[in-house]
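All remarks here apply to the structure that follows.
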Amino acid sequence: MGSIMVEMNSTIAEVTARIRERSRDSRQAYLEMIRSRRPKDFARRRMSESSLAHASAGCAVIEKTQLLGAGWPNIGVITAYNDMLSAHAPYQDYPAIIRDAAREVNAIAQVAGGVPAMCDGVTQGFTGMELSLFSRDVIAMASAIGLSHDVFDGAMHLGVCDKIVPGLVIAALRFGWIPSVFVPAGPMPSGLPNPEKQRVRQLFAEGKVGRDALLKAESESYHTQGTCTFYGTANSNQMLMEVMGFHLPGAAFANPGTPIREALTRAATHRVAEIHAQGDHYMPAGEMIDERSIVNGVVGLMATGGSTNHALHLPAMAAAAGIILTLEDFADISAVTPLLARVYPNGPADVNHFHAAGGMGFLVRELLDAGLMDGDAMGVAGPISGYAAEPYLEDGKAAWRPAPDTSADADILRPVSDPFSKDGGLRMMDGPIGLGVSKVSAVKPEHRIVEAPAIVFDSQEALKAAFDAGELDKDFVAIVRFQGPAANGMPELHTLTPPLAVLQDRGFKVALVTDGRMSGASGKVPSAIHVSPEGSRGGPIAKVQNGDMIVFDAERGVLDIKVDPEEFAKRIPDEYRPNENGMGLGREMFTYFRELAGPAANGASQFNFSNRGD
């Protein structure tokens, strides 16, 4: 399944080589750290009798016997279950399924700990969003606490959305001497089509429909358990886990509550019980994931038009394994990776339609055969060359067959020979204002270049107020500053999409430049996001003034300002005035995170793993 003897694309090979070279010291230190911890026996045999008694006291009798005897491998489960959020509610039943599946193969499973799972869809446009990005690092730390009991021979990570999966990956890699398998919950069945939902949102923004119509549309779209069906960060996470090898093949997009979903969960349990250090197929997470895995992830992101949030998350995940990934790497990979999928917001289809058209197996095979994805990189099921497959039920158990040769719907999924576009649609934007990224795969070509005066805002609320007051019916580039991690936690600014889209539909040339984030669901309005250095730390975005002529050119990756360079250099950046001093709704507890947050270009993380193995 998939081609093994394929010559790699020269650009992909070059990017992989330079990542390996720049990461040489930090990667070596990391590998020395995890290799020094390779267990010589089952983890529980290192424990004292008192510690072991504590670690088994809550278990069923059969499991307690095996735990105390340390004769079976013990799987630690880290879960993001809660019953408020549709994507994570299915995980309620997973521990029982996993424990039962573990017994089938002479293994034990214990829930090692839970991690928070917040929903950006709930907090979008509200104060709670200021904790969203930082929740990624909290999740990594909470996972580390669960695994720190050090009684586990393998781990299973249950998470789906936005910051949850990147946080779990960071922890899995810092505990990289044990095998880790990621287990998804799957997308909810299709509801109200995403374009119709977006249409109602725009009508509400224009005051043409009331809140009752908006709530009806939103409820019909987000209607049951499972991940939201658009191709935002959550579903981009699932694609990434598959092409990076943390999933079993084809696990990403099976719906919750279906027989194949449970069969895949059981198969994942069986697999982690096979790849522990005392068996014949040891696959430690930190050695499985290498530079090729990271590049495969970026290729998958570009080929599917995935979320721009991963320009933050992938560098942070890579750093946890001692690998240094830059925005230049993203841009160079994007330039040679064709866009093979159109899933909302890049098109009307949702991830269920993508899955039915051929899904991940078709996508992986096309990228392998084109030399764009490295099939020799490893996954939990073996080489990635074997991931050009789809699961099916055979006698009630998961089995795999080759991915389909052709797409079932060329409007959703295409081969490399006939892509939607020749590149992945992510641009590195650079110029005097700073360094950022722009996702152009959903932006029509006629909207990708905007030259217009700047209108400067210090918050998303200020822009929306100006729109409501009718002050924005003109060509302009919105500069929304003081939205970076050090300022207010880098909230997503997805609520700006409807008013800016309305102005675009009225015929005005508009673009957004911000040191904040935009949701993976953002689409048609051109934007340069994650602009770094951020304004609150004196970045040049804080020097832009109302009326400055901005050149936004997403085709060439140019973010320029028509101001004399010497004059611009002499300008004093406007001072950041903290939003309510960061108080309220728990924000005061995250002062430490804001102070330590790194630049967006490096993943906006408080962790510094560079050149360190501990």
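Along the Cα→Cβ direction, 7 angstrom out, place labels at Asp93 and Arg18. What is the inter-label distance in nm?
4.9 nm
Between Asp25 and Ala399, what is the label-to-label distance in nm when each label sits 7 Å out along the Cα-to-Cβ direction?
Inter-label distance under the simple model: 5.4 nm.
Taking R0 as 51 Å, what's the FRET efficiency between Arg45 and Glu446 from their Cβ-Cβ distance, rounded to 0.05?
Details: r = 66 Å, r/R0 = 1.30.
Using R0 = 51 Å, I get an efficiency of 0.15.
Tell me the carbon and sulfur percent of the accessible area for region 300-443, rounded to whole percent, probe radius 1.4 Å.
51 percent
For every helix of n ≥ 4 consecutive DSSP H residues, a contribution of -39,500 (n - 2.57) applies; sum these over the chain, divide by its total residues, and give [θ] at 222 nm rounded to the nearest 500 deg cm²/dmol. Display every interim value, and only then the final one.
On the way: 23 runs with 225 residues, N = 614.
Here the helix-only value at 222 nm equals -10500 deg cm²/dmol.
Measuring from centroid to centroid over Cα atoms, what is the spacing of region 144-170 and region 6-21 in Å?
30 Å
Suppose the chain between Asp505 and Lys474 were pulled fully straight at 0.36 nm per residue; how much longer would it get relative to their current alpha carbon spacing?
10.0 nm
Of the DSSP beta bridges with both residues in the chain, give the percent that are antiparallel, rounding to the nearest 5.
Looking only at bridges with both residues in the chain, the antiparallel portion is about 50 percent.
Multiplying the sequence separation of Phe126 and Ile260 by 0.36 nm and subtracting their Cα-Cα distance, what value in nm do you get?
Full extension of this stretch gives 44.5 nm more.
Charges on Cβ only, +1 for Lys and Arg, -1 for Asp and Glu, centred on the Cα centroid of region 108-208; of Gln110, Val183, Gln124, which one is farthest towards the dipole's positive end?
Ranked along the dipole, the leading option is Gln124.
Run through the DSSP bridge list for region 457-564 and note the antiparallel percent, rounded to the nearest 5. Write out the running numbers ahead of the final one.
Working: 4 of 13 bridges.
Around 30 percent antiparallel, to the nearest 5.
Projected area of region 498-569, taken from the Cα convex hull and averaged over every viewing direction, in nm²?
5.8 nm²
State the answer as a single residue: which of Met518, Leu496, His149 lies farthest towards the positive end of the charge dipole of the chain, with beta carbon charges of +1 for Lys and Arg and -1 for Asp and Glu, about the Cα centre.
Of the listed residues, the answer is His149.
Provide the per-residue ³J(HN,Hα) series for region 17-32, in order, calculated from phi with Karplus coefficients 6.51, -1.76, 1.60 and θ = phi - 60°, each as a whole number of Hz, with x at glycine and proline positions.
5, 6, 4, 4, 5, 5, 9, 3, 5, 5, 5, 5, 4, 5, 4, 4
Using alpha-carbon pairs under 8 Å, 6+ residues apart, how would you state the relative contact order of the chain in percent? Write out the running numbers ahead of the final one.
Numbers: 1418 pairs, mean separation 100.0, N = 614.
In percent, rounded to a whole number, it is 16.
Express the carbon and sulfur contribution to the solvent-accessible surface of region 447-498 as a percent, rounded to the nearest whole number, probe 1.4 angstrom.
Values: 760 of 1550 Å².
Carbon and sulfur together cover 49 percent of it.
In a shell of Cβ-Cβ distance under 9 Å around Leu339, excluding Leu339 itself, what net charge do Lys and Arg (+1) and Asp and Glu (-1) give?
Once positives and negatives cancel, what remains is +2.
I want to check the label-to-label distance for Thr591 and Thr11. Put each point 7 Å from Cα in the C-beta direction and report it in nm to one decimal.
4.7 nm
Dipole of region 464-582, Cα-centred, from +1 at each Lys and Arg C-beta and -1 at each Asp and Glu C-beta, to the nearest 20 debye?
Using only the charged Cβ atoms, the result is roughly 140 debye.
So if each residue of separation counts as 0.36 nm, and I subtract the Cα-Cα distance between Ala335 and Arg211, what length gain in nm does that give?
40.4 nm
Which entries of Lys439/Lys570; Lys163/Lys509; Lys464/Lys509 have Cα-Cα distances beyond 21 Å here?
Checking Cα-Cα distances, Lys439/Lys570; Lys163/Lys509 exceed 21 Å.
Charges only on Cβ, +1 for Lys and Arg, -1 for Asp and Glu: so what's the dipole of region 271-346 about the Cα centre, in debye to the nearest 20?
I would put it at about 340 debye.
Can you figure out the FRET efficiency of Val558 with Ala408, using R₀ = 35 Å and their beta-carbon distance, to the nearest 0.05? Kindly include the intermediate steps, with their values, before the conclusion.
On the way: r = 39 Å, r/R0 = 1.13.
E between Val558 and Ala408, to the nearest 0.05, is 0.35.
How large is the dipole of the chain about the Cα centre if only Lys and Arg carry +1 and Asp and Glu carry -1, each at its Cβ, rounded to the nearest 20 debye?
Working: 55 positive and 72 negative charges, 163 e Å.
For the chain, the charge dipole is close to 780 debye.
State in Å² the accessible area per residue of the chain; use a 1.4 Å probe, count heavy atoms of protein chains only, and round to the nearest integer.
Accessible area per residue, the chain: 37 Å².
Of Gly286, Met241, Pro256, whose Cα points farthest to the positive end of the dipole of region 225-309 (charges on the beta-carbon: +1 Lys, Arg; -1 Asp, Glu; origin at the Cα centre)?
Of the listed residues, the answer is Pro256.
The values are calculated or read from the model by the stated rules, or taken from the named source; none is laboratory data. All values derive from a computational prediction rather than experimental measurement. Heads up, the Cβs are rebuilt from the backbone with ideal geometry, glycines too, and the neighbour counts pull from every protein chain shown. Note: accessible area is taken over every heavy atom of the protein model, side chains too, but ligands, DNA and RNA are not part of it. Shrake-Rupley method; radii C 1.70, N 1.55, O 1.52, S 1.80 Å.
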